[in-house]
Amino acid sequence: MNEILYKLSKSKFRSSFKLKEKDKKYIEEKTLSKIREHAYDFINKRLKDVSNINDGKQTPMKGHPVFVAQHATATCCRSCMEKWHHISKNKVLSNEEVDYIVNIIMKWIENQRS
């Protein structure tokens, strides 16, 4: 996981995403476990099943710390996930793949908080 986060940090676009103070405050108020729940919810509803995806349009650029993290970690759409994480955009995500995505998002969030 550290290797992919390192590669993403070298991308000018991906490295431009940072948590704002209001995002950090939101995380503190909600707790990391609640943010993890939100991440699972967003991934399962917006990215898991390919039949209802408007690829590239399903993840806002701001409004929730997880959205910011998704863009920073290239887990914002199926095309980015295929390019960066080698997860085919033409299949339903497995539970293991969802776990992997959420873990990367949460690792990035935790790194941003320190």
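The table that follows gives values for the structure above.
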{"quantity": "Among (1) crowded, with 19+ Cβ neighbours inside 10 Å; (2) outside any helix (DSSP H, G or I) - the single one Phe42 does not satisfy", "calculated": "(2)"}
{"quantity": "Residue within segment 84-94 that is open to solvent by less than 60 Å² (accessible area, probe 1.4 Å), hydroxyl-bearing (Ser, Thr, Tyr), farther than 25 Å from Glu29 by Cβ and assigned to a loop (DSSP other than H, G, I, E, B) present", "calculated": "yes"}
{"quantity": "Residue in segment 51-61 that is surrounded by fewer than 16 Cβ atoms within 10 Å (Cβ to Cβ), in contact (Cβ under 8 Å) with a residue 60 or more places away in the chain, of a type in the set (Lys, Arg) and in a loop (DSSP other than H, G, I, E, B) present", "calculated": "no"}
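The values are calculated or read from the model by the stated rules, or taken from the named source; none is laboratory data. Just so it is clear, the structure is predicted and the values come from calculations on it, not from any experiment. FYI the Cβ positions are ideal-geometry reconstructions off the backbone, even for glycines, and counts take in every protein chain you see. For the accessible areas, the whole protein counts, side chains as well, though only heavy atoms, and no ligand, DNA or RNA atoms are used. Shrake-Rupley method; radii C 1.70, N 1.55, O 1.52, S 1.80 Å.
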